[in-house]
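One structure below.
The values are calculated or read from the model by the stated rules, or taken from the named source; none is laboratory data. Note that the structure is predicted; figures quoted are calculated from it, not measured. Backbone-built Cβ (ideal geometry, glycine too); neighbour counts: all protein chains shown. Heavy atoms of the whole protein, side chains included, go into the accessibility calculation; ligands, DNA and RNA do not. Shrake-Rupley method; radii C 1.70, N 1.55, O 1.52, S 1.80 Å.
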Amino acid sequence: MNKSQYWVHLLTCQIQRIHTCVVKAGQTVQLSAEKIMQITGNRSSNQKYMSLFLIGTILSVAIASCSGSGFANKGDVKLKLVSFSVTKAAHDQIIPKFVEKWKREHNQNVTVEATYGGSGAQTAAVIAGLQEADIVHLALPLDVIKLQQAGLIKSGWEIKTPRNGIVSKSVAAIVTREGNPKNIQTWADLAKDGVKIIAANPKTSGIAIWEFLAFWSSVSLTGGDETAALDYVTKVYKNIPVLTKDAREASDLFFQKGEGDVLINYENEVILAGKNGNKLPYIVPQVNISIDNPVALVDKNVNKHGTREVSQALVDFLYSTEAQREFAKLQYRPVNPTVTQEVVSQQPPVKTLFTSQDLGGWELIQKKFFEDGAIFDKIQVAKKA
């Protein structure tokens, strides 16, 4: 089912629901009217007028019950949002705007309970049932695919939202110490002897997978073969003494505790750290990876909680111009075309931007690099040796 077919299907379902509700309302009114007219059949004109008034009241109530939004105050609803560590600043600005909008349009109070952590760890918690997420906003599509494989999300999730399910974007950045004493200019410089790198663990963190793919593609997709790519990436990981659990912990280790010569992180996270007083020079390599962050409904949970309508509305709102401007303020690369045009001149251009598809797609990436015993594990063994 393509996007057009999906929206036609959704609209058809809504029309059918309204039609069914109106028919039932009509049947209710007809039965009520018949009973009232039977009772008042031989009574005075005033009593018959009163009967017609009662029928009109019943009709109004019945039709109002068919409204999806209604005018009566509905019961409060709580949503659970599970996301990766660095989205909190953006969500803190976006969610209140959605809550206010929903209240204004539907007269219903919505509470969004959000949790943040490494994308891999968050995904594992949702699969294990430790977090019953209604919505996930994760660091990479691979994590949503894992939820689909676990039976929590229906196939085709990526066509049920705009932009193939991608709601925010970034690129990888290299942060150095003041004056760049190690003279780090490109990805290749990370393999030099004596460079201490702070980076996260691909087993728990989304940024860590993007980092790995950036390292690998900087060789394998620019003319080098896979042997050269493996040799380079092995040298890089030998320069990473400890792998942190997520991007935020890596930032804290580098900025707050002063560890490491180089930090690899999201461009937006690096810029946010600068705004919070941790300003250091950074490089956005001209050969880079498009970091694509997906959003999806967790079908099993929204069905269980009865929150599909509100959850879908929040997902849709994340793509709105209003929400995407909040992402852009925090230096994400927006997916809304209007906002993209507004901020394109403010973002460093990237000469060569690879995507996950250039590396074979997520199924191949997972099998080749990150399954137990795959290339990443082999690199860790070589590092210890």
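Taking the range 179-203 as the region of interest, how many residues are open to solvent by 20 Å² or more (accessible area, probe 1.4 Å) and under 29 Å from THR123 (Cβ atoms)? Qualifying residue count, the range 179-203: 2. Considering the range 124-159, the residues that are open to solvent by less than 10 Å² (accessible area, probe 1.4 Å) and out of contact with any Gly (no Cβ under 9 Å at 6 or more places or on another chain) include one that is nearest to THR355 (Cα to Cα), namely HIS137. Only one of the listed residues (ILE271, ILE291, ILE264) is of a type in the set (A, V, I, L, M) and within 17 Å of the chain's Cα centre (by Cα). That residue is ILE291. Just wondering, is there one or more residues in the range 130-147 that are within 23 Å of ALA323 (Cβ to Cβ) and of a type in the set (Asp, Glu)? Yes, that holds for at least one residue.
Of the residues in the range 195-215, none is in a helix (DSSP H, G or I) and more than 25 Å from the chain's Cα centre (by Cα). Considering the range 276-381, the qualifying helices (runs of 4 or more DSSP H), each wholly inside and each with 3 or more residues that are surrounded by 18 or more Cβ atoms within 10 Å (Cβ to Cβ) and touching a strand residue (DSSP E or B) at 6+ places or on another chain (Cβ under 6 Å), run over 308-318.
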